[in-house]
Amino acid sequence: MNAENNKFILGSGLETEEKSKYEVTIGELIAVIMSKLWILILVGLIAAVGAYFYTAELATPMYRSTARVYILNRQSSMATSINDLNSAVTLKDDFKILIKSNEVYRQVLTTVGEDPANYKTLGGQISLDNNETRFVDITVTDKDPVRAKLLVDAFAKVSRKMAIEIMGVEDITIEELGEIPSAPSSPVMSTNIILAVLAGVVISAAIVVLVHMFNDNVRTTEDIEKALGVCVLGSIPDISMLRRPKNKSKKSAKKKASRK
């Protein structure tokens, strides 16, 4: 029984020793990161330069153009009632599904004079608003600002026509056609640089911490105490470095004497 207890105690001691190797306090982590702060700053600067170069030279600028339509399904020709407004809000969800149909995509490309067989490419270019009003904002994103304006106008006109024919809507008013954007909507230089710097600093800090945690080299007396579980009573300084300059000076003096 005692032998088993001793084994258990020894085993627990070994597990505790193994765990202690990986126990790192918050203060120690902060100290490690601060000691390698120059690495974090250097990586952050490199990431910022890389993000600037990528955004300015490699990234394709994208332009957005937005058209707005107004949905109203008047049930009475005399005046607009509450039922008309509620019906229009319900029809808005159906309109959003219709405008993203393949047939609308084909007719839009035909309207702008392009091959309707490429209709699948429009799926990732169009987006709709999520507001609760009877207005629907149709936005098209494209690398060509003029094409973005032409496409969004075609979407507004084609979807209006098909909604009246298929959904039985009395009318959809095109409140606003798209405009040719004067500046790209993406990429944003400042956003890309900030994200790149943050990513570089976080990744480099994580690498510094991991290297420190898995480095089992003995560097200080605290490392000896953690590894062996004993107290250090004293230390002997290394004086070999102090003797080297004297030896070098003697050798240089001998060389000079031999030359003479």
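The numbers here are math on the coordinates, done by the rules we state, and not lab data. Quantities reported herein were computed from a predicted structural model and do not represent experimental measurements. With ideal geometry, Cβ positions are generated from the backbone for all residues, glycine too; neighbour counts draw on all protein chains shown.
Can you list the residues, at least 5 places off or on another chain, whose amide H is less than 5 Å from the amide H of GLU179, using H built in the peptide plane?
Placed amide hydrogens put THR66 under 5 Å from GLU179.
Neighbour counts of other C-beta atoms within 10 Å: give me PHE53, PHE135, PHE155 arranged from fewest to most.
Working: PHE53 11, PHE135 15, PHE155 28.
If I rank by nearby Cβ atoms, fewest first, I get PHE53, PHE135, PHE155.
Determine by what factor the alpha-carbon radius of gyration of the range 63-176 differs from 2.2 N^0.38 Å, reporting the quotient.
Working: Rg = 14.3 Å, N = 114, 2.2 N^0.38 = 13.3 Å.
Against the empirical 2.2 N^0.38 Å value, I get 1.08 for the range 63-176.
Which residues' amide hydrogens lie under 5 Å from the amide hydrogen of LEU72, considering only partners 5 or more residues apart or on another chain, with H built in the peptide plane?
It is ASP171, THR173, by chain and number.
Kindly write out, for the range 180-186 in residue order, the coupling ³J(HN,Hα) from the Karplus curve 6.51 cos²θ - 1.76 cosθ + 1.60 (θ = phi - 60°), rounded to whole Hz, with x marking Gly and Pro.
Result, rounded to whole Hz: 6, x, 8, 9, x, 8, 7.
Could you give the nm distance between label points at ILE164 and SER185, where each point is 7 Å from its Cα heading toward the beta carbon?
2.7 nm
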